[in-house]
Amino acid sequence: MVHVDGKSIKSCTAFAADVDGSKIITIEGLTKNGKMHPMQEAFKKHHGLQCGFCTPGMVMSAIDLLKNNKKPTDQEIRDWLEGNICRCTGYQNIVAAVKEAASKM
Ligand code: FES
């Protein structure tokens, strides 16, 4: 999951020519001056962690959610993240992290 011109998309299904010239931000691009993004801080604090593939996807997707919904409900967070399917975990800590980030962003 990456941000293309501010919207989260699945990079694995994007055709490179379609995003030529777009502003693309990866998980690494969220850090500013060595400081993590509030969403990253919240995931760390609440242990909303999964593998190195799933966690960045959840973080990038959750940031996109908060651009249009500043105070999502638990169900809205779960619905938004449903494309980031993983059977390795429950989503409770992730939902808690997104809610905390929403209060700080
Ligand atoms: Fe990545 Fe489950 S944590 S596949």
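Just so it is clear, none of the values below were taken in a lab; they were calculated from the coordinates. Model, not experiment: these values are computed from the prediction. Cβ sites come from the backbone with ideal geometry, for glycine too, and all protein chains shown count toward neighbours.
Tell me, what ³J(HN,Hα) does each residue in the stretch 31-37 have, in order and in whole Hz, if you take phi through Karplus 6.51 cos²θ - 1.76 cosθ + 1.60 with θ = phi - 60° and put x for Gly and Pro?
6, 10, 6, x, 9, 5, 5
Sort all Cα-Cα distances of the chain into consecutive 5 angstrom bins from zero, then give the percent of pairs in each bin up to the one containing the longest distance.
The calculated distribution, bin by bin, is 2, 13, 24, 26, 19, 10, 5, 1.
For a label point 7 Å from the Cα of Lys67 along Cα→C-beta, name the residues of the stretch 15-58 whose backbone N is under 18 Å from it.
Inside the label zone: 15, 18-32, 37-40, 56-58.
Counting Lys and Arg as +1 and Asp and Glu as -1, what is the net charge of the other residues whose Cβ lies under 11 Å from the Cβ of Ala42?
Residues close to Ala42 contribute a combined charge of +2.
Let me check I've understood the local charge: for Thr26, count other residues with C-beta under 15 angstrom from its C-beta, Lys and Arg +1, Asp and Glu -1. What total comes out? Provide the component values of the computation, followed by the final result.
On the way: positive: Lys7, Lys10, Lys23, Lys32; negative: Asp5, Glu28, Asp64.
Summing Lys and Arg as +1 and Asp and Glu as -1 gives +1.
For the chain, with the dipole built from +1 on Lys and Arg beta-carbon atoms and -1 on Asp and Glu ones, taken about the Cα centre, which of Ile9, Gly83, Gly34 lies farthest toward the positive end?
Final value for the positive-end residue is Gly34.
Enumerate the calculated ³J(HN,Hα) couplings along the stretch 86-97 in order (Karplus 6.51 cos²θ - 1.76 cosθ + 1.60, θ = phi - 60°), each rounded to whole Hz, writing x wherever the residue is Gly or Pro.
For the stretch 86-97, the Karplus curve yields 8, 9, 7, 8, x, 9, 4, 5, 5, 4, 4, 5 Hz.
Taking the alpha-carbon distance from Lys35 and a cut-off under 16 Å, which lysines remain once sequence neighbours fewer than 8 residues away in the same chain are dropped?
Candidates past the 8-residue exclusion: Lys44, Lys45, Lys104.
Cross-link partners among aspartates and glutamates for Lys99, C-alpha distance below 15 Å, same-chain residues fewer than 8 apart left out?
Those aspartates and glutamates meeting the cut-off are Glu41, Asp64, Asp74, Glu76, Asp79.
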